[in-house]
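Enquirer: Quick one: this structure, given as structure tokens, is what I'll be asking you about.
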Amino acid sequence: MDTKYFNELDSAITVCDKNGIILFMNEKSCKSFEKYGGRDLIGKNLFDCHNQNSCNIIKELLREDKSNTYTIIKNNKKKFIHQTPWYEDGEVMGLIEFSIDLPEEVPEYQR
């Protein structure tokens, strides 16, 4: 699959397999994690990059086929984080994390 279109998104996308090995990072993700190795993190285990609590959450998401969504403030920027399983033939193969910078004010609409 050609993943070029992911590289120009203004959101960080990181993909790991079910063992926590980082398979893909788009340009924004590489830049976001530059001080930790950036592109060189591909092929590394993300469990080596997280504290025990985060590792437990990631393992639970993989084991129980669940998603996790939250917001954080990092470097004075509010971010929306969504971690969700990805599949092959119905089997969980790993997680995709979307990290989206949010503006200071985010409108909310009822539809």
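Enquirer: List nothing, just return the count: lysine pairs in the chain, 8 or more apart or interchain, with Cα separation under 19 Å.
Expert: Lysine pairs satisfying the spacing and distance rule in the chain number 20.
Enquirer: To the nearest 500 deg cm²/dmol, what mean residue ellipticity at 222 nm is calculated for the chain from DSSP H runs of n ≥ 4 alone, each contributing -39,500 (n - 2.57), summed and divided by the residues?
Expert: -5500 deg cm²/dmol
Enquirer: Quick check: residue separation of Leu9 and Cys49 times 0.36 nm, minus the Cα distance between them. What number comes out in nm?
Expert: That pair, Leu9 and Cys49, stretches by 12.0 nm at full extension.
Enquirer: Among 68-75, 19-26, how do they line up by average Cβ neighbours within 10 Å per residue, starting with the highest?
Expert: Top to bottom by mean Cβ count within 10 Å: 19-26, 68-75.
Enquirer: On to the next question. Which option, (i) 28, 14, 11; (ii) 22, 18, 16; (iii) 59, 23, 10, is the value of semi-axes √(5λ) of the Cα gyration tensor in Å that was calculated from these coordinates?
Expert: The value matching this structure is (ii).
Enquirer: Where in the range 47-82 does the amide nitrogen come within less than 14 Å of the point 7 Å from the Cα of Lys35, taken along Cα to Cβ?
Expert: The answer is 74-77.
Enquirer: Please give the length that would be gained between Thr84 and Leu102 if that part of the chain were fully extended, namely 0.36 nm times their separation in residues minus their C-alpha to C-alpha distance (nm, one decimal).
Expert: Contour length minus the Cα-Cα distance gives 4.6 nm.
Enquirer: Let me ask another. Report the GluC sites (Glu not before Pro) located in the range 1-49 that are in a DSSP loop and have at most 10 other Cβ atoms inside 10 Å of their Cβ, or state none.
Expert: Of the GluC sites (Glu not before Pro), the ones in loops of the range 1-49 whose Cβ has at most 10 other Cβ atoms within 10 Å are Glu8.
FYI, it's all coordinate maths here, none of it is from the lab. Just so we're clear, the structure is a prediction, and the values are computed from it rather than from any experiment. With ideal geometry, Cβ positions are generated from the backbone for all residues, glycine too; neighbour counts draw on all protein chains shown.
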